[in-house]
1. Exactly one condition in (1) on the phi > 0 side of the Ramachandran plot; (2) small (G, A, S); (3) surrounded by 14 or more Cβ atoms within 10 Å (Cβ to Cβ); (4) more than 16 Å from the ligand (Cβ to nearest atom) is false for G17; which is it?
2. Which count do you get for residues in the stretch 141-188 that are within 22 Å of T208 (Cα to Cα) and either touching a helix residue (DSSP H, G or I) at 6+ places or on another chain (Cβ under 6 Å) or in a strand (DSSP E or B) (or both)?
3. Please pick out the residue among A161, A136, A142, A150 that is closer than 15 Å to T118 by Cβ, more than 16 Å from the ligand (Cβ to nearest atom) and surrounded by 15 or more Cβ atoms within 10 Å (Cβ to Cβ).
4. Hey, does the stretch 266-276 have a residue that's crowded, with 18+ Cβ neighbours inside 10 Å, among the small types (G, A, S) and outside the structural domain of A150 (by TED's automatic domain parsing)?
5. Tell me, which residue of the stretch 227-268 that is over 18 Å from T71 (Cβ atoms) and either among the small types (G, A, S) or modelled with pLDDT under 95 (or both) is nearest to the ligand (Cβ to nearest atom)?
6. Tell me yes or no: at least one residue of the stretch 211-230 is over 24 Å from D137 (Cβ atoms), acidic (D, E) and crowded, with 24+ Cβ neighbours inside 10 Å.
7. Look at the stretch 191-226 and say how many of its residues are more than 14 Å from the ligand (Cβ to nearest atom), polar (S, T, N, Q) and outside any loop (DSSP other than H, G, I, E, B).
8. What pairs can you find where one residue is in the stretch 231-246 and within 17 Å of S202 (Cα to Cα), the other is assigned to a loop (DSSP other than H, G, I, E, B) and at pLDDT below 95, and their Cβ atoms are less than 7 Å apart, with a gap of 6+ or different chains?
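The values are calculated or read from the model by the stated rules, or taken from the named source; none is laboratory data. Quick caveat: nothing in here was measured; it's all calculated off a predicted structure. Reconstructed Cβ throughout: ideal geometry from the backbone, glycine too, with neighbour counts over all protein chains shown.
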Amino acid sequence: MKLSHRITHITGGGSDGWDVFNKARRMIADGIAVTELTIGEHDIRTSPAILEAMQMSAMGGHTGYAMVPGTDALRKSVAARIAARTGVPTTADNILITPGGQAALYAAHTATCNPGDTAVYIDPYYATYPGTIRGADAVPKAVVTTPDTAFQPRADALMEATKGASSLLVNTPNNPTGVVYGAQTLAAIAKACIANDLWLISDEVYDTQVWEGRHISPRSLPGMAERTLVVGSMSKSHAMTGSRVGWICGPAEAISHLINLATHTTYGVAGFIQDAADFALNQGDAVEEEVAAPFRRRRALTMEALEGQNVVRAVPAQGAMYVMLDLRATGMSGEDFANALLDAEHIAVMPGESFGTAAAGHVRVAMTIADNQYLDALNRLIAFAADLAAQ
Ligand code: PMP
């Protein structure tokens with residue numbers, strides 16, 4: 001039977017960028033010890049206190065259908081958090097609770113793009129972006145950045161690429177680069193959206209993981225609240241990746257239509273998960289800082305380990321749980337380097353090419369294992385690269 005073009009073309013047909021990851025998993029299945037620095041997932045689990053709140057809610061009976069837009073309590077807590085962090089007046093009417101940030105990204109593109117419309121995104125990008133856009137029946141168009149601007153998009157490129165487009169998707173703090181967009185980049189993003197009259201979809205799932213400078217939400221820039229859909233999530237901030245709970249924050253009218261979409265797709269998020277998320281958000285910033293702390297520490301360890309050599313260079317990253325390493329001095333592609341490193345040292349990292357064309361010759365290292373093991377793996381990676389460069 002024939003399936004729709006939309007569903008059969010989601011992946012775009014090319015390699016999905018997970019070859020090194022899959023090879024590492026096969027090696028592990030064969031009994032080989034591999035140090036995995038691939039996936040963006042904490043090495044801690046959801047805290048017992050959050051799990052207790054989840055259990056209490058479930059045992060208390062919150063196991064039936066929950067309100068489709070989200071519980072009043074969680075919508076209010078998310079709104080209060082966003083208002084406090086950004087200074088933009090935000091109420092529960094601006095919030096739809098979604099089953100994670102990924103579902104929010106899909107809903108946001110469905111809400112803003114008609115079939116065949118252009119949806120712009122920035123390369124390097126989080127691996128699902130082009131497929132999410134295709135899944136929403138829009139046409140992905142990349143703005144390719146360069147290492148010399150630390151992978152931040154240039155104003156002229158943004159202005160040009162967004163002409164005639166329906167949406168622009170940006171992600172700061174950024175996966176895969178760890179770069180936090182500065183005020184200048186954000187002003188250029190806002191300018192392009194306003195001049196070319198399009199929606200901004202702002203993926204801010206790493207907003208609690210900022211090591212230098214500060215996270216600015218583009219929704220807070222003049223004229224942007226009415227044309228921005230912010231995607232947020234409990235996954236990274238509270239180590240709740242498996243709970244699948246996130247949100248979209250946007251103008252009330254857009255949210256009312258997005259609630260209709262949720263009614264006809266997800267039908268909401270489990271009530272006991274929402275209660276646990278609400279509990280977690282009301283624990284305050286200290287809990288978020290505790291979850292972020294290991295990455296802050298390991299990023300400092302990374303910078304120290306890279307001192308005194310110039311073969312491996314870090315992209316100046318200010319946030320998120322990754323560090324992007326520039327290996328062009330070895331003369332190898334990121335993919336060849338990652339494969340060779342896996343074969344020789346049993347260390348798995350993601351090739352930069354998995355995230356588009358801009359990060360060729362780089363690898364992304366997820367700082368998601370214990371400090372001593374992380375440092376050991378990083379030192380071996382550096383020594384391996386030095387050997388290659390010397391050949
Ligand atoms: N955006 C980015 C940039 C991500 O890295 C991820 C997860 N790795 C997501 C969105 C989706 O996260 P979730 O669905 O778990 O909220």
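1. (4) is the only condition that G17 fails.
2. 6
3. A161
4. Checked the stretch 266-276: no residue is crowded, with 18+ Cβ neighbours inside 10 Å, among the small types (G, A, S) and outside the structural domain of A150 (by TED's automatic domain parsing).
5. As a first pass, look at the stretch 227-268 and keep what is over 18 Å from T71 (Cβ atoms): 227-231, 235-237, 239, 241-242, 250-251, 253-254, 257, 260-261, 264-265.
From what is left, the residues that are either among the small types (G, A, S) or modelled with pLDDT under 95 (or both) are 235, 237, 239, 242, 250, 254.
Values: S235: 3, S237: 10, A239: 11, G242: 9, G250: 16, A254: 19 Å.
Selected residue: S235.
6. Within the stretch 211-230, not a single residue is over 24 Å from D137 (Cβ atoms), acidic (D, E) and crowded, with 24+ Cβ neighbours inside 10 Å.
7. Residues that pass the stated criteria total 1.
8. From the stretch 231-246, no pairs qualify.
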